[in-house]
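Q: Quick one: structure below, then a few questions.
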Amino acid sequence: MSPAPFTSEVAESLAPDLLERFLRYVRVNTQSQPDRSRSPSTDCQLDLLRMLMDELRAIGLEDAELDDNGFLFATLPGTVENAPVIGLIAHVDTIPDLSGEGVEPIVHRDYDGGVIELPRDGIRLDPAEMPALADAGGHDVVTASGDTLLGADDKAGVAEIMSAVAYLAAHPELPRPTLRVGFTPDEEIGEGATLFDIERFGAVCAYTLDGSEVGELQDETFSGWEVVITIQGVDVHPGWGYGKLVNATKLAAQVVGALPAGRLSPETTRDREGYVHPTKISATPERAEVRLIARDFDDDKLAEHVELVRRTAEDVVAAAPGARVDVQARQQYPNMRRYIEKFPAAVEAADRALRAEGIEPIRKPSRGGTDGSILSGRGLPTPNLFTGGHEYHSVREWASLQEMAAAAATVVRLAEVWTAAELRSAA
C-alpha cells in the first residue's frame, strides 16, 4: 500500500521529530493514582515532567519551570506586538487501571490495512471493528505490545506541542503570539487542573490537545461526578453466621446488579446520552466500597443519575437489617460549553487553524472530560483539539503518525491565526 500523504509540507517536516519524541515519552511510566494525598499523585510523573523541562530549555524556552505541585510552564515569546498570550496544554499521566510500565512501542510503517497482531497476550487490532483504523491504510501506525497502554492519551498531545513549539522557535520569521506551554499531572483522576495556577499562566485562552479523530474541535464535554458507596455489613464466622451474617460483598453486588442494564450505561448509550458506570469494587464481608462515575451533558439529568445511584444503594441495604450505607458524591468537572461560549474567539481561531491545515473541523461534544473542562470553569476558556490517538484506555490503543503530524501542524497554524488583527482585538 502506498504511504499516506501528510496534510501539508509543515506536517511532513514535523513528523520525524514528532515520532522520535512520542516514542521516547511513551516509554516513561506516568500512571496516576486515585485518592491522591499530594500532587502529583505519583512520583513517576515527575520523571517525564523533568525530561520535558530540560527539552523545553534546550529548545530555547529558558523560563521552563516545574512547580511544587507538578505543573510545568514555559514561554515562547511572540514575534508580533499586541498579540494575546495563548496557552497550549496536555497532560502527562496515564490511567491507573492499566499498566503504563515497560511500554514497548511498535511502529507499523505503511500499514497495509489488515489485522495487526500484537506480540503479547493475543491482542489484535481488527479494522473491521475499528473504523478509524480501517481508514488508516498507508499510515505509520504506532501501537504498544499488547500488555500495556501505549500512552497516546495524552503523550501524543505532549509530543505534538513539543514539536510544534520547537518548529516555531526555529522559525522566528513566522508570525506568532506569545505562547504559554503547560504540562499537567493527574488529569486521568480528575485532578489535572485543580491546582493549575491560571494567573501565573497568564493566557487569555488555551487549547488542550487531548482529543482523538482528525479535525475534532470540542467546546462541550460531559459534566462529571464521582459517586462512592460505602456499605458496612455484619461480619461473623461463617460457620456460625445463621441469622447474624450480613455480607457487604453481596450487598455491593446487588447494588451494581440493580442499576439499569439496558440503558444509562456506557455500553448502551451514545451521542448526547448520559450514563452511570461502576469503575471499582473493593469488598470484604464486613465492608465494601463501590466507585462509580456519572456523566451527562445536562446538569439536571446528571443530578437524576446521581440520585438514582443513591436511592438504589439505600433501597438494597435497607432490606438487610444491621447493614449500613453511606453515599458520597463529588463533582469532577463541568461541561465547558457555558464558559467557552463567553469567549467565541477561542473556537473561531481553532476553526481557522484547522481549515488552514486543510482539515474540515468536526464539531461534536466530547463524551469525556479534559483539563479544559476544569480550566474553563475556573476562568480560562480552553477548547480541546484532536491528537490522532485512538482506542484510548485500552491495550488496543494506537496512534497515526500522519494524524499526529496534522495536529502539530494545526498548532503552528493556530499561532499564526492568533496574530490576525481582528482576533487580537477580540482578546
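Q: Pick out, from 161, 185, 141, the residue whose Cα sits farthest towards the positive end of the charge dipole of the stretch 138-187, with +1 on the Cβ of Lys and Arg and -1 on the Cβ of Asp and Glu.
A: 161
Q: Could you tell me whether the stretch 318-382 comes out rounded, prolate or oblate from its Cα gyration tensor? Rule is a ≥ b ≥ c as square roots of the eigenvalues, rounded for a/c under 1.5, then prolate if a/b exceeds b/c, otherwise oblate.
A: Values: a/c = 5.26, a/b = 2.83, b/c = 1.86.
Prolate shape, in that a/c is at least 1.5 and a/b is the bigger ratio.
Q: Please figure out what share of the DSSP beta bridges in the chain is antiparallel and state it in percent, rounded to the nearest 5.
A: Taking every DSSP beta bridge with both residues in the chain, the antiparallel ones total about 75 percent.
Q: Also, I was wondering about something else. Where only protein heavy atoms count, and the probe is 1.4 Å, what is the accessible area per residue for the stretch 205-257 in Å²?
A: Heavy-atom accessible area per residue stands at 40 Å².
Q: If you don't mind, another one. Rounded to the nearest 10 degrees, what's the angle between the helix 9-26 long axis and the longest principal axis of the chain, both from Cα atoms, 0 to 90?
A: 40
Q: Distance between Cα centroids, the stretch 332-395 to the stretch 200-277: provide it in whole Å.
A: Taking the Cα centre of each part, the stretch 332-395 and the stretch 200-277 sit 23 Å apart.
Q: Could you give the length gained by full extension between residue 351 and residue 109, i.e. 0.36 nm per residue of separation minus their alpha carbon distance, to one decimal place? Don't skip to the end; give the middle numbers.
A: Details: separation 242, 0.36 × 242 = 87.12 nm, distance 3.05 nm.
The residue 351-residue 109 span can extend by a further 84.1 nm.
Q: Let me ask another. Calculated FRET efficiency, residue 120 and residue 24, Cβ-Cβ r, R0 30 Å, to nearest 0.05?
A: Working: r = 21 Å, r/R0 = 0.71.
Taking R0 as 30 Å, the efficiency between residue 120 and residue 24 is 0.90.
Q: With point charges of +1 on the Cβ of Lys and Arg and -1 on the Cβ of Asp and Glu, referenced to the Cα centre of the stretch 272-371, which listed residue (297, 358, 321) lies farthest in the positive direction of the dipole?
A: Highest projection toward the positive end goes to 358.
Q: Rounded to a whole number, what % of the accessible area of the stretch 270-427 do carbon and sulfur atoms account for, probe 1.4 Å?
A: On the way: 3020 of 6760 Å².
C and S atoms contribute 45 percent here.
Q: Sticking with this one: At a 10 angstrom cut-off on C-beta neighbours, averaged per residue, how do the peptides 238-245, 384-391 rank from highest to lowest? Mind showing how you got there, number by number?
A: Working: 238-245: 10.1, 384-391: 27.8.
Listed from highest to lowest mean packing, they are 384-391, 238-245.
Q: Test of the criteria: in the stretch 1-96, which trypsin sites (Lys or Arg not before Pro) are in a DSSP loop and have at most 11 other Cβ atoms within 10 angstrom of their Cβ? Write out the running numbers ahead of the final one.
A: Values: sites: 21, 24, 27, 36, 38, 50, 57; in loops: 27, 36, 38.
The qualifying sites are 38.
Q: Let me ask something additional. Could you give the dipole magnitude of the stretch 331-427 about its Cα centre, charging the beta-carbon of Lys and Arg +1 and that of Asp and Glu -1, in debye to the nearest 20? List each step's numbers first, then the result.
A: On the way: 12 positive and 11 negative charges, 75 e Å.
In total the dipole reaches around 360 debye.
Q: Once neighbouring chains are kept in place and the probe is 1.4 Å, which whole percent of the accessible area of the stretch 20-121 is contributed by carbon and sulfur?
A: Numbers: 1960 of 4720 Å².
Taking all protein chains in place, the stretch 20-121 shows 42 percent carbon and sulfur surface.
Q: Rounded to two decimals, what is Rg over Rh for the chain when you use alpha-carbon atoms and the Kirkwood radius? Let's see the in-between values first.
A: On the way: Rg = 22.9 Å, Rh = 22.6 Å.
Radius of gyration relative to Kirkwood radius: 1.01.
Q: Can I ask one more? For the chain, with the dipole built from +1 on Lys and Arg beta-carbon atoms and -1 on Asp and Glu ones, taken about the Cα centre, which of 419, 222, 236 lies farthest toward the positive end?
A: Farthest towards the positive pole: 236.
Q: Another question about this same structure. For the stretch 118-250, how big is Rg over Rh, using alpha carbon atoms and the Kirkwood form of Rh? All intermediate terms of the calculation are to be shown ahead of the outcome.
A: Values: Rg = 23.8 Å, Rh = 20.5 Å.
On the Cα set of the stretch 118-250, Rg over Rh gives 1.16.
Q: So, one more: What are the ³J(HN,Hα) values, in whole Hz, obtained from phi via the Karplus relation 6.51 cos²θ - 1.76 cosθ + 1.60 with θ = phi - 60°, for each residue of the stretch 145-160 in sequence order, with x given for Gly and Pro?
A: Taking θ as phi minus 60°, the curve returns 9, x, 10, 9, 5, 7, x, 4, 8, 9, 6, 5, x, 4, 5, 5 Hz for the stretch 145-160.
Q: I've got another one for you. Once every DSSP H run of n ≥ 4 in the chain is given -39500 (n - 2.57) and the sum is divided by its residues, what mean residue ellipticity at 222 nm do you get, rounded to the nearest 500 deg cm²/dmol?
A: Working: 12 runs with 138 residues, N = 427.
That comes out to -10000 deg cm²/dmol.
Q: Shape call for the stretch 332-427 from the C-alpha gyration tensor, a ≥ b ≥ c root eigenvalues: rounded (a/c under 1.5), prolate (a/b greater than b/c) or oblate? Kindly include the intermediate steps, with their values, before the conclusion.
A: Numbers: a/c = 2.50, a/b = 1.16, b/c = 2.15.
Oblate.
Q: Can I ask one more? Under 10 Å, Cα contacts only: if you run a Gaussian network model on the chain, which one of 210, 197, 93 comes out with the highest mean-square fluctuation?
A: Checking each option, the largest mean-square fluctuation is seen for 197.
Q: Any chance you could give the angle, 0 to 90 degrees and rounded to 10, that helix 401-417 forms with the longest Cα principal axis of the chain?
A: Between the helix axis and the principal axis of the chain, the angle is about 60 degrees.
Q: Provide the gained length on full extension for the span residue 284 to residue 265, in nm with one decimal, where the gain is 0.36 nm per separating residue minus the Cα-Cα distance.
A: Details: separation 19, 0.36 × 19 = 6.84 nm, distance 2.57 nm.
Difference between extended and current length: 4.3 nm.
Q: What do you get for the angle between helix 248-258 and the principal long axis of the chain? Use alpha-carbon atoms, 0 to 90 degrees, nearest ten.
A: The angle comes out near 60 degrees.
Q: Could you run the Karplus curve 6.51 cos²θ - 1.76 cosθ + 1.60 with θ = phi - 60° over the stretch 171-188 and give me ³J(HN,Hα) per residue in whole Hz, x for Gly and Pro?
A: Whole-Hz 3J(HN,Hα) from phi for the stretch 171-188: 10, x, 6, 7, x, 7, x, 5, 10, 9, 9, x, 10, 10, x, 6, 5, 5.
The values are calculated or read from the model by the stated rules, or taken from the named source; none is laboratory data. Everything numeric in this text was worked out from a predicted model, so none of it was measured. Glycine also receives a Cβ, built like all others from the backbone with ideal geometry; neighbour counts cover every protein chain displayed. Note: areas computed on protein heavy atoms with side chains; ligands, DNA, RNA excluded. Shrake-Rupley method; radii C 1.70, N 1.55, O 1.52, S 1.80 Å.
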